[in-house]
Every structure is written in C-alpha cells, then in structure tokens.
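Worksheet for the structure shown next.
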Amino acid sequence: MLTMIETLKAAAANRAAYRRTRDEIARLPRDVALDLGIFPEDASRIAWATVYGK
C-alpha cells in the first residue's frame, strides 16, 4: 500500500512541475523567448520533455 501512495505522490509532484514549467515558458516575453531559441507555443512540449524526459 505504501508503494501506491508513493507512486501517487511522485505523479502529483511531476504534474505540478510540468504545469509550473509550462506556465513559466508560456509567460516569457516573446522577445526574450526568441532570444533563448524558445517558441512560447511549444511550452507544453518543452515542459513535458523537461519533466518526463520523453
């Protein structure tokens, strides 16, 4: 039972990290994002790859 709870906690932490990362990328000013080579429209894809590594 403890393993299931730990798995759920880890999944919730990953989801929170994904949402934070996605939101931060999406909020970047366009000129700053483009200087970094990031397109704000790709925020979901970038955040997913960062958090989940896929």
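The values are calculated or read from the model by the stated rules, or taken from the named source; none is laboratory data. Values in this document were obtained by computation on a predicted structure and should not be read as measured data. Cβ: placed from backbone, ideal geometry, glycine included. Neighbour counts: every protein chain shown. Side chains included, ligands, DNA and RNA excluded: accessible areas come from the protein's heavy atoms. Shrake-Rupley method; radii C 1.70, N 1.55, O 1.52, S 1.80 Å.
Of note:
- Options Thr3, Thr21: the member that is within 15 Å of the chain's Cα centre (by Cα) and of a type in the set (Ser, Thr, Tyr): Thr21
- Applying the condition of being free of Cβ contacts under 8 Å to residues at least 24 places away in the same chain and of a type in the set (S, T, N, Q) to the range 1-17 and asking which residue is surrounded by the fewest Cβ atoms within 10 Å (Cβ to Cβ) yields Thr3.
- Test: residue in the range 18-28 that is open to solvent by less than 60 Å² (accessible area, probe 1.4 Å), assigned to a loop (DSSP other than H, G, I, E, B) and not hydroxyl-bearing (Ser, Thr, Tyr): yes
- Qualifying residue in the range 35-48 (condition: within 8 Å of the chain's Cα centre (by Cα) and of a type in the set (Phe, Trp, Tyr)): yes
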